[in-house]
Every structure is written in structure tokens, then in C-alpha cells.
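S.K.: Sending over a structure as C-alpha cells; questions will come in a sec.
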Amino acid sequence: MTMLIAFAGLLPVPWKNGGGSTTEIFALPPGALFHDFDWRISLATISQDGPFSLFPGVDRTLALVEGPGLVLDIDDSRFMLDEMDAIIEFAGESAVRASLDGGPTIDFNVMSRRAVCHHKLGRRRLEGSSVFAPRGDRSVLFLAEGESLSVSSEHERVGLVRFDAIVFDTETVWTLETQAATVFIVDLFYRSPAV
């Protein structure tokens with residue numbers, strides 16, 4: 001089954017500390033809360049310096065979508081999330097503090113519970129027509145930059161605008177068509193057969 005997630009139909013949830021908001025794009029199982037999701041993909045707006053919530057047993061990947069970047073203090077190390085290094089991976093139980101580097105940011109966030117599954121996040125720049133074959137047990141394509149993207153197979157055609165996503169769970173080969181776009185591709189792999 002292929003599922004379009006239209007960003008226009010999603011609602012942001014403000015953080016309790018007032019430092020930003022999160023818009024959940026997709027999570028499994030449906031209706032899962034922070035303590036019981038298998039995996040979760042979201043878009044966060046960070047508007048103030050502050051700590052990240054702890055997620056023991058969860059692996060996280062953060063990717064910069066928009067804004068000047070973040071300084072991330074993760075345990076005893078410091079990292080820069082910016083246009084040069086736009087993706088960072090870390091453990092959910094790590095102590096993480098984010099400091100803005102000149103202004104608010106929008107960030108793509110992937111979390112997977114390591115006892116259940118693991119994920120890979122890739123970034124791909126598209127121009128014209130190209131081929132895409134999902135590699136995971138579930139795969140998600142997110143339109144991070146660009147006005148529109150057409151995703152089609154022999155039996156289906158789906159149109160995306162910026163911040164829309166598609167969830168794939170088939171081995172179909174797709175054609176991607178756009179004038180210019182950047183997509184994030186998340187491949188999720190279950191440690192035992194997915195239900």
C-alpha cells in the first residue's frame with residue numbers, strides 16, 4: 001500500500017517548554033504515543049535554545065530542512081548541523097542540548113525503537129526524471145525542497161508539494177519527476193517480520 005501524507009492536513013503541537021513545535025508526519029503503530037511507537041517521523045520547528053527530550057532505547061536521526069543551523073551538544077561532544085553537515089545520528093538516551101546558530105530552524109526527525117527496527121536516512125537532489133526503488137520493509141519519501149514532485153508507477157501517480165510525504169511498503173519501482181527538488185528517503189528495516 002502507498003500512502004500520501006499531505007502536510008497541509010497536519011497540525012503542529014507546541015512543546016511544553018515553549019522552545020518550538022513538532023508536526024508528526026507518520027508513526028507506527030497508528031495512534032502510538034512517545035513511549036510505545038515502533039518508529040516515528042516528524043518535522044520540528046526549533047525557535048529557542050534548549051534540551052531535547054530523552055528517548056531511551058530509540059535511535060534518532062536529525063536533518064536540517066530550513067534555517068541557519070544548530071549547534072548540538074550531545075553528551076560530551078559538540079556537533080554542527082548546517083548546510084555542510086545536514087544530517088546527524090544519535091541515541092535517544094543521550095543528553096542533547098540545541099543552540100540556534102542565528103535563527104529558528106525546521107528539522108526532519110526520524111526515530112526508531114532499536115529493539116524493533118532500525119532506519120537509514122538519505123538525502124537526494126533531483127532534477128528532471130529519475131528512478132526510485134524503496135529498499136526498506138517500509139520506506140518514506142519526504143519532499144524537503146522544491147515546489148512539486150510527481151511519483152508514478154505503472155498503476156499509480158501521486159503528486160506532492162513541499163513537506164508532503166509518501167509511505168511505501170512495496171517493492172515497486174517508481175519514476176520521480178520534478179524541475180528541481182531535494183528529498184529525504186527513510187528506509188526502515190524490522191528486526192523480525194513486520195506485521
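S.K.: For segment 72-96 and segment 116-133, write down the distance between their C-alpha centroids in whole Å.
M.R.: What the calculation gives is 22 Å, centre to centre.
S.K.: Charges at C-beta only: +1 for Lys and Arg, -1 for Asp and Glu. How large is the resulting dipole of segment 1-100 about its Cα centre, in Debye rounded to 20?
M.R.: Details: 5 positive and 14 negative charges, 72 e Å.
Computed about the Cα centre, the dipole is about 340 debye.
S.K.: While we're on this one: Quick one: if you stick a label point 7 Å off each Cα along the C-beta vector at residue 66 and residue 125, how many nm between them?
M.R.: Distance between label points: 2.0 nm.
S.K.: Using the Cα centre of segment 59-195 as the reference point, and only Cβ charges (+1 on K/R, -1 on D/E), how large is the resulting charge dipole? Debye, rounded to the nearest 20. Mind showing how you got there, number by number?
M.R.: On the way: 14 positive and 23 negative charges, 71 e Å.
Using only the charged Cβ atoms, the result is roughly 340 debye.
S.K.: For segment 14-99, what are Rg and Dmax over the alpha carbons, in angstrom?
M.R.: 12.9, 35
S.K.: Describe numerically, in nm with one decimal, the distance between label points set 7 Å from Cα along Cα→Cβ at residue 106 and at residue 35.
M.R.: 3.3
S.K.: Test of understanding: what is the full-extension gain from residue 23 to residue 4, defined as 0.36 nm times their sequence separation minus their Cα-Cα distance?
M.R.: Numbers: separation 19, 0.36 × 19 = 6.84 nm, distance 1.56 nm.
Taking 0.36 nm per residue and subtracting the Cα distance, the gain is 5.3 nm.
S.K.: Can you give me the relative contact order of the chain as a percent, contacts being Cα pairs under 8 Å and 6 or more apart? Please list the in-between numbers first.
M.R.: Details: 491 pairs, mean separation 44.4, N = 195.
With pairs under 8 Å counted, the relative contact order is 23 percent.
S.K.: Among 122, 182, 10, pick out the residue whose Cα is farthest towards the positive end of the charge dipole of the chain, where Lys and Arg carry +1 and Asp and Glu carry -1 on C-beta, about the Cα centre.
M.R.: Final value for the positive-end residue is 10.
S.K.: Kindly report the accessible area of the chain per residue (heavy atoms of protein chains, probe 1.4 Å, no ligands, DNA or RNA), in Å². Could you put the intermediate results ahead of the total?
M.R.: Working: 9930 Å² over 195 residues.
Per residue, the chain has 51 Å² of solvent-accessible surface.
S.K.: How high is the FRET efficiency between residue 77 and residue 172 when r is their beta carbon distance and R₀ equals 35 Å, given to the nearest 0.05?
M.R.: That gives a FRET efficiency of 0.30.
S.K.: With the full set of protein chains in place, find how many percent of the accessible area of segment 66-126 is carbon and sulfur; take the probe as 1.4 Å. Display every interim value, and only then the final one.
M.R.: Details: 1510 of 3090 Å².
The nonpolar share, carbon plus sulfur, comes to 49 percent.
S.K.: Can you give the local net charge around residue 10? Use residues other than it whose beta-carbon is closer than 15 angstrom to its beta-carbon, Lys and Arg +1, Asp and Glu -1.
M.R.: Numbers: positive: 40, 162; negative: 24, 164.
That sum, taken over residues with Cβ under 15 Å, equals 0.
S.K.: What is the percent of Cα-Cα separations in the chain that go past 19 Å? It would help to have the intermediate numbers written out before the result.
M.R.: Working: 11252 of 18915 pairs.
In whole percent, the share of Cα-Cα pairs in the chain beyond 19 Å is 59.
The values are calculated or read from the model by the stated rules, or taken from the named source; none is laboratory data. Computed from a predicted structure; not experimentally measured. A quick note on method: Cβ atoms are made from the backbone with ideal geometry, for glycine too, and the neighbour counts reach across all protein chains shown. Remember, those area values only see protein heavy atoms, side chains included, never the ligands or the DNA or RNA. Shrake-Rupley method; radii C 1.70, N 1.55, O 1.52, S 1.80 Å.
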